Each structure stands twice: as structure tokens, then as C-alpha cells.
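Let me begin by presenting the structure, written as C-alpha cells, before commenting on it.
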Amino acid sequence: MADFTPDLVITVCDNAAGETCPLWLGQTLKLHWGLPDPTSIDAPDIDEQFSYVIEILENRIKALISLPLSAGIEAQKASLQSIASQFPLIQR
């Protein structure tokens with residue numbers, strides 16, 4: 001994997017926000033879309049918990065792929081970073 005250089009790395013685990021990404025990622029743009037562990041959400045059943053997190057991810061990914069990235073990832077850095085706030089976690 002030493003030759004692999006992703007354009008963008010998005011961490012989603014709340015616990016990953018303060019962790020350092022592996023060194024091989026170098027100068028890759030890194031974003032954090034903190035999401036709760038579905039098993040820790042106070043919801044009536046496990047399906048509802050996972051559906052909640054999946055819905056947030058789907059909305060954020062749709063926003064990501066709708067960006068005009070032809071200018072490059074770095075040019076869209078502010079837009080990429082704002083996606084998580086466009087689709088925030090909702091207190092349940």
C-alpha cells in the first residue's frame with residue numbers, strides 16, 4: 001500500500017477524530033464526519049439505530065458526489081468540510 005495515495009480520507013468514527021491517520025496517507029486531504037456507534041444510540045431496536053447512521057452517511061455521500069470536483073479536491077476543501085454540518089446528527 002506504500003504506492004497508494006487516496007485523494008480524500010474521511011473518518012466517521014467518533015473515536016477517530018483525535019487519532020492520527022497512517023503515515024502513508026501523507027498530504028492527503030483528511031475530513032472527519034463523526035458518527036455515533038449505532039449500538040450506542042438510544043433507539044427501540046437495532047435496525048432503527050443502524051438505519052439512522054446509514055441515512056446520515058447516504059445524505060453526506062450524495063452531497064460529496066454532487067460537488068464539481070473537476071478542479072480538484074483541494075479546490076473544494078471548504079465545501080467538503082461543510083458537508084457534515086449540512087447533514088448533522090439529530091438528537092433522538
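Odds and ends about this structure:
- Positions within the range 46-76 being exposed (fewer than 11 other Cβ atoms within 10 Å of the Cβ) and of a type in the set (A, V, I, L, M), in sequence order: 65, 71
- Failed item, numbered, when residue 79 is tested on (1) surrounded by 12 or more Cβ atoms within 10 Å (Cβ to Cβ); (2) at pLDDT 90 or above: (2)
- Among the residues making up the range 59-87, those that are in contact (Cβ under 8 Å) with a residue 12 or more places away in the chain and assigned to a helix (DSSP H, G or I) are 59, 60, 63, 64, 74, 77, 79, 80, 81, 83, 84, 86.
- Check on residue 89, at pLDDT 85 or above and either surrounded by fewer than 11 Cβ atoms within 10 Å (Cβ to Cβ) or touching a helix residue (DSSP H, G or I) at 6+ places or on another chain (Cβ under 8 Å) (or both): no
- Restricting the range 29-42 to residues that are surrounded by 15 or more Cβ atoms within 10 Å (Cβ to Cβ) and either part of a loop (DSSP other than H, G, I, E, B) or in contact (Cβ under 8 Å) with a residue 24 or more places away in the chain (or both), the residue that is nearest to the chain's Cα centre (by Cα): 33
The values are calculated or read from the model by the stated rules, or taken from the named source; none is laboratory data. Since the model is a prediction, treat every value here as computed from it, not as a measurement. Every residue, glycine among them, receives a Cβ derived from its backbone with ideal geometry; neighbour counts consider all protein chains shown.
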